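Presented below is the structure to which this report refers.
The values are calculated or read from the model by the stated rules, or taken from the named source; none is laboratory data. A quick note: this is a predicted structure, and the numbers were derived from the prediction, not measured. Cβ placement follows ideal geometry from the backbone for every residue including glycine, while neighbour counts extend to all protein chains displayed. Protein only, heavy atoms only, side chains kept; ligands, DNA and RNA dropped before computing areas. Shrake-Rupley method; radii C 1.70, N 1.55, O 1.52, S 1.80 Å.
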Amino acid sequence: MANILVVDDELGIRDLLFEILNDEGHAVELAENAAQAREFRAQYRPDLVLLDIWMPDTDGVTLLKEWSASGLLTMPVIMMSGHATIDTAVEATRIGAMAFLEKPITMQKLLQAVEKGLNRAMARPQASTPRPANAAPVALEMPAALGEVRVPAAHDGEMATQTFDFDVPLRDARDAFEKAYFEFHLAKENGSMTRVAEKTGLERTHLYRKLKQLGVDLSKSKRSAG
């Protein structure tokens, strides 16, 4: 499955697209404006972006131009709008957008466009991303169908071992890893949802929804925070 960034200033649209794409097994990040979109683009390197044209701070076409001019338009971008003219859609396509979806967006058209975009992304070589110098050391071992990932413990800088079953569907494996990831940060931040939201780059409402979906026990975090 893929990492998809949804950029739209309308909460209802963001939530709808999140539910549809999440049900398809994709990891979805939500941005409500261009500023957040820039941060998520730099931090998560999405496989595909759904970008609204009309936004209050910086419109989607301007952001698309910015990414194109700076060499950051390395992923398929699907433009969305309920009021765009044909000229605007043509301009976005000329800049580098691969498709244009008119609101209200039907689920069928959305999934077809996303599938086409992801297939295009897989067909072209991806530049390797250098690992940050300050990144925590990670050792990965895969005996049989199990993988042991050594990650830093929440306290004292020690290393803890988390075992994952790789002989499962990709979505299940990803959910298991994400659960361990969020539990680690909750423990490290003593259960502070605000600090975890800042650390992981998620909105608090999105973070709560994600933790609930993954089955993370928040009662432990509340006790730690207390």
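Shown is the FRET efficiency for residue 108 and residue 192, computed with R0 = 41 Å from the Cβ-Cβ distance and rounded to the nearest 0.05: 0.50. For residue 68, the accessible area of its heavy atoms, probed at 1.4 Å with every protein chain present, is near 50 square angstrom.
Model label points for residue 62 and residue 22, set 7 angstrom from Cα along the Cα-to-Cβ axis, are 3.1 nm apart. Treat each spin label as a single point 7 Å out from the Cα along the C-beta direction, and report the residue 10 to residue 217 distance in nm. With each label point 7 Å from Cα toward Cβ, the separation is 4.2 nm. Cross-linked pairs 188/212; 188/210; 103/199; 116/212; 65/103: Cα-Cα separations exceed 25 Å for 103/199; 116/212. Taking the protein heavy atoms of the range 1-117 in the context of the full set of protein chains, the accessible area attributed to carbon and sulfur is 52 percent at 1.4 Å.
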